[in-house]
1. If I filter the stretch 181-237 down to residues being free of Cβ contacts under 8 Å to residues at least 40 places away in the same chain and within 18 Å of the chain's Cα centre (by Cα), which single residue comes out as farthest from Cys23 (Cα to Cα)?
2. Quick one: which strands (runs of 3 or more DSSP E) lie wholly within the stretch 178-287 and hold at least 1 residues that are open to solvent by 10 Å² or more (accessible area, probe 1.4 Å)?
3. Quick check on my filter: what residues within the stretch 64-83 are free of Cβ contacts under 8 Å to residues at least 60 places away in the same chain and either assigned to a loop (DSSP other than H, G, I, E, B) or open to solvent by less than 20 Å² (accessible area, probe 1.4 Å) (or both)?
4. Go over the candidates Arg382, Arg298 one by one and state the one that is among the charged types (D, E, K, R) and more than 30 Å from Val250 (Cβ to Cβ).
5. If you check Gly20, Gly45, which single one turns out to be assigned to a loop (DSSP other than H, G, I, E, B) and surrounded by 15 or more Cβ atoms within 10 Å (Cβ to Cβ)?
6. For the stretch 405-418, does any single residue satisfy the condition of being modelled with pLDDT under 95, open to solvent by 40 Å² or more (accessible area, probe 1.4 Å) and hydrophobic (A, V, I, L, M, F, W, C)?
7. Mind telling me which of the residues Leu118, Leu141, Leu136 ends up being touching an Asp or Glu at 6+ places or on another chain (Cβ under 9 Å) and over 18 Å from Thr183 (Cα atoms)?
Amino acid sequence: MGTTDDELCDVTVVGAGVAGLACAADLSAGGLRVRLLEAGDTVGGRMRTDRIAGFTVDRGFQVFNTAYPQVKRRLDLRALRLRPFTPGVLVHTDDGMRRFTDPSRRFRESRDLLPGRLASGRDLLALSALTAYDVLAPAALVRARPDRTTLTALADAGVSPDLVETFFRPFLSGVFLEDDLETSGRFFHLVWRSMLRGTLCLPADGIGAVPAQLASRLPRGVLRTDTPVAALTAHGVTLADGTEVRSPTVVVATGQRAAAELLPGLTVPRGRTVTTLYHAAAQPPLPEPVLVVDSRRRFLNSCVLTAVHPHYSPDGRALVSTSVLGTPDPQAVDAVVRALGEVYGTDAGTWELVHRVTVHDALPAMPPPHPLSQTTRVTPGRYVCGDHRATGSVQGALASGTRAAREVLADMRRGAGR
């Protein structure tokens, strides 16, 4: 096992997802010598974009929310060349498509929010009250609410079971990657708030452009890709090739499974698995950049990505993204394609399956009571960060990385981190 002077540093950060990138940036800004080690060939973790047969495909359908505080703080949104989704969601029901939209943004398109179409008058009043509180109340008050499941939170707000089944369960299943609405109600209120206060977009070069921009701002020499870490040691970390990188402080910024392997005894949440299918169609089944959900829950959500960014396709064909829970077998995929044909009103059987990607641990499970943030300290000189230590979102991952850097710097100032 070898060690060189070049491998001596103050802090080693393991994992260059957005949590690790934020942590390494703040530690570097604090004057520390930092090594950010990434096992893969590029940064991003689950926020990766691939080029498949010329198509731009993310590793699982993802959207970018401009309302997140950490996003506003850390990213140049203009440089991402964002294009927005249409505000709201199209819901496929037994009575056809219904549009759930924010009337403050698209008043002329909100006719489906008239009583009796998508919801009753009582539901609309309950929804208006819930929305007004989440949007207008200080975030601290929203965070301070008693934590129950999302299903209970909706019932407490006066939302009827009919509206839950018609809209909230189909829509939130794709947000939380679970269809029992067992996710923290407090987190639901924060998500609802962020969606109404922000804009859901896609970067021109795919979601991978977000971590790429974060990485581009790191000091030279901090980031090393293709550098898998095998284990933590008393003096730092051991790489897969046997080399030791020495540092008194190590921050594990990987996903929860890898974190538990590197830090034995660490308690981590269950993970949610999602599979995304990417189909190419000769003609766009829907020309609008809008999210589509199915009240019968045959899939989580679907959208025509090329309606958001046309150059996601190399040849003018439409690129359709559809996500489902878990890992579907071939029969289940065939059923999803049939459902897409019904929802879009076309023969989806003629579409070409360009790519299929399954993401394990795409989100952490967040049943109540769920802490919105946890300390990153594990043992002296050992820290852990990621969305599994906060909330399953870009905001949660960035905030956890921020907290890790803050706690490392504070401990070093007190002499506890060495």
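1. Residue satisfying both the conditions and the ranking: Leu181.
2. On the way: elements: 200-202, 229-233, 236-239, 244-246, 249-252, 271-281.
Counting at least 1 such residues, we get 200-202, 229-233, 236-239, 244-246, 271-281.
3. Answer for the stretch 64-83, where residues must be free of Cβ contacts under 8 Å to residues at least 60 places away in the same chain and either assigned to a loop (DSSP other than H, G, I, E, B) or open to solvent by less than 20 Å² (accessible area, probe 1.4 Å) (or both): just Leu77.
4. Arg298
5. After ruling out the rest, the residue left standing is Gly45.
6. Yes, the stretch 405-418 contains at least one residue that is modelled with pLDDT under 95, open to solvent by 40 Å² or more (accessible area, probe 1.4 Å) and hydrophobic (A, V, I, L, M, F, W, C).
7. Result of the check over Leu118, Leu141, Leu136: Leu118.
Conditions (1) over 25 Å from Met97 (Cα atoms); (2) of a type in the set (A, V, I, L, M, F, W, C), marked per residue:
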{"site": "Gly116", "(1), (2)": "no, no"}
{"site": "Leu125", "(1), (2)": "no, yes"}
{"site": "Ala132", "(1), (2)": "yes, yes"}
{"site": "Ala137", "(1), (2)": "yes, yes"}
{"site": "Ala140", "(1), (2)": "yes, yes"}
{"site": "Arg145", "(1), (2)": "yes, no"}
{"site": "Val159", "(1), (2)": "no, yes"}
{"site": "Arg169", "(1), (2)": "no, no"}
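The values are calculated or read from the model by the stated rules, or taken from the named source; none is laboratory data. None of these values were measured; they are calculated from a predicted model. Every residue, glycine as well, gets a Cβ built from its backbone with ideal geometry; the counts of neighbours run over all protein chains shown. SASA here: full protein model, heavy atoms, side chains in, ligands and nucleic acids out. Shrake-Rupley method; radii C 1.70, N 1.55, O 1.52, S 1.80 Å.
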